[in-house]
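Since the structure comes first, as structure tokens, the remarks are kept for the end.
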Amino acid sequence: MWFRFCILLLSFSFTANAYAAPKQQVLLLTYHLKAPYVIDWGEQRGLYFDLASYLNHKTDKYQFKTELMPRKRLDALLADPFVDVVVGVQPAWFKSLADQMLFTAPFLYDKDMYVSDARKPVRDQDLADLTGKTFIGSQGYKYKGIDEIVASGILERVDTLQEDYVLDMLRLGRGDFTIISSSTLSYKFSHGEQARHFYVAKTPHDVIQRSFMLSKTDPQLHQFLQQVIRQMPADQEWQLLLAKYQIQQAMVKP
């Protein structure tokens, strides 16, 4: 009898698993190839990879995985309803898609800072007149205010393949100043980059509220992400991830 009971129980377990609803696969799409968000794509290291694991710990319905996507390819994808999530963006960057997208509350606050070579600093007062200067940008990035000055012919722009390289370009004298996230600077300065070689203006170019963006066709996924974000400030697992990547606690809230 005991043997038959075990067989019956095992059979029931297999049947239940067979009818269990498969998890919804969701990609966390990012075009920000920069530390600490993406440190090494091949080794899958960086906050956005850990963020996918963090979200997976919070749900039995979804399975998240981080994937890199160049901005131009992402823009083409966003032309139609899609099933994935863009991570680390804010609504101002996608104004033309406002009627099609849902944005969560911010899960992280950041700042974009003006940085120049310490030997030829571009100080706060110099930002009012950039005539004849060269700005170092990242390919595919849009820079509020800067793009308009470049279009006027007053300022020249040269691009790197990714934001991680802009400090190298400054050292090589390929431009006068750049814009880089405070979180990226903090990570680099704590991993061997010499802060004394650079001048960081006190006036930020922009204050960034990093959120999730997804299609309006999936309100349930949006609701799930909102619930997780509300818990993040008090969640020790999330706070440990921020500490792991040298992200200052002050950046968590505005």
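Only the coordinates and a few stated rules stand behind these numbers; no lab work does. From a predicted model like this one, the values you see are computed outputs, not experimental measurements. With ideal geometry, Cβ positions are generated from the backbone for all residues, glycine too; neighbour counts draw on all protein chains shown.
Worth a mention:
- For the peptides 188-194, 46-52, the ranking by mean Cβ contacts within 10 Å, running from highest to lowest, is 46-52, 188-194.
- Each peptide in 151-159, 96-104 gets a packing score, the mean of other Cβ atoms within 10 Å over its residues, and the list from highest to lowest is 96-104, 151-159.
- Computed from the C-alpha gyration tensor, the three semi-axes of the ellipsoid equivalent to the stretch 113-254 are 32, 20, 13 Å, from longest to shortest.
- Label-to-label distance, residue 217 versus residue 75, with points set 7 angstrom from Cα along the beta-carbon direction: 2.2 nm.
- When you count the other C-beta atoms within 10 angstrom of each residue and take the mean per peptide, 211-221, 140-150 line up highest first as 211-221, 140-150.
- Amide N proximity, the stretch 149-163 versus residue 129 label position 7 Å along Cα-to-Cβ, cut-off under 19 Å: 149-150, 152-156
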